[in-house]
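This report refers to the structure that appears directly beneath it.
The values are calculated or read from the model by the stated rules, or taken from the named source; none is laboratory data. Just so it is clear, the structure is predicted and the values come from calculations on it, not from any experiment. Glycine also receives a Cβ, built like all others from the backbone with ideal geometry; neighbour counts cover every protein chain displayed.
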Amino acid sequence: MTSPVPASGHIAPRGAPPSAQYAASRPAVWFGAAALITDQVGRVLLVHPTYREDDSWLLPGGVVEPGEHPHVTGRREITEELGLSDLTLTDVLAVHFVTT
């Protein structure tokens, strides 16, 4: 199954605003998208974000921008975090949200 959202061309990285400004600009509900990428033997790809202070490893992903489809978010985050733009996203595995 292929992504229901057409692939966009080149995705240009954006500069991050200061944390307080970014948090103030976010809606009251935060939606996130993460990609579960495995190889032929089932190993899961994790990223080690340099911006995290807790030394954690995470699935590649991030916050869904207003009006953005989660498939687009997943594709954008994979491109931003891994530099990969040719992966096919298939199914939605789970949905989770946090209200503020």
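Answer yes or no: is there a residue in the range 6-14 that is of a type in the set (K, R), assigned to a loop (DSSP other than H, G, I, E, B) and modelled with pLDDT of 70 or more. Walk me through how you get there before you give the answer.
Residues of the range 6-14 that are of a type in the set (K, R), as a first pass: 14.
The next check asks that each one be assigned to a loop (DSSP other than H, G, I, E, B); those that pass are 14.
Imposing the further condition that a residue be modelled with pLDDT of 70 or more reduces the set to none.
Within the range 6-14, none of the residues are of a type in the set (K, R), assigned to a loop (DSSP other than H, G, I, E, B) and modelled with pLDDT of 70 or more.
Mind checking which pairs have a first residue in the range 41-63 that is touching a residue at least 12 places away in the same chain (Cβ under 8 Å) and within 21 Å of F31 (Cα to Cα) and a second that is charged (D, E, K, R) and part of a loop (DSSP other than H, G, I, E, B), Cβ under 9 Å, 6 or more apart or different chains?
Pairs found: L58/R52; V63/R26.
Can you pull out every residue in the range 15-49 that is in a loop (DSSP other than H, G, I, E, B), modelled with pLDDT of 85 or more and exposed (fewer than 11 other Cβ atoms within 10 Å of the Cβ)?
D39, Q40, V41, G42, R43, H48
Specify which of the listed residues (T2, T79) is modelled with pLDDT under 80 and among the β-branched types (V, I, T). Working first, answer last.
Numbers: T79 fails: modelled with pLDDT under 80.
Testing whether each residue is modelled with pLDDT under 80 and among the β-branched types (V, I, T) leaves just T2.
Which of (1) surrounded by 10 or more Cβ atoms within 10 Å (Cβ to Cβ); (2) at pLDDT below 80; (3) of a type outside the set (F, W, Y) does H71 not meet, given it meets every other one?
For H71, the exception is condition (2).
If the Cβ limit is 8 Å and pairs must be 6+ apart or interchain, which residue in the range 66-89 that is closer than 13 Å to L45 by Cβ pairs with which residue that is among the polar types (S, T, N, Q)?
Pairs found: I78/S85.
Residues are listed down the side, and each one gets a yes or a no for (1) of a type in the set (V, I, T); (2) part of a helix (DSSP H, G or I); (3) touching a Ser or Thr at 6+ places or on another chain (Cβ under 9 Å):
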{"position": "R52", "(1), (2), (3)": "no, no, no"}
{"position": "E65", "(1), (2), (3)": "no, no, yes"}
{"position": "H71", "(1), (2), (3)": "no, yes, yes"}
{"position": "G74", "(1), (2), (3)": "no, yes, yes"}
{"position": "E77", "(1), (2), (3)": "no, yes, no"}
{"position": "E81", "(1), (2), (3)": "no, yes, no"}
{"position": "L84", "(1), (2), (3)": "no, no, no"}
{"position": "T90", "(1), (2), (3)": "yes, no, yes"}
{"position": "L93", "(1), (2), (3)": "no, no, no"}
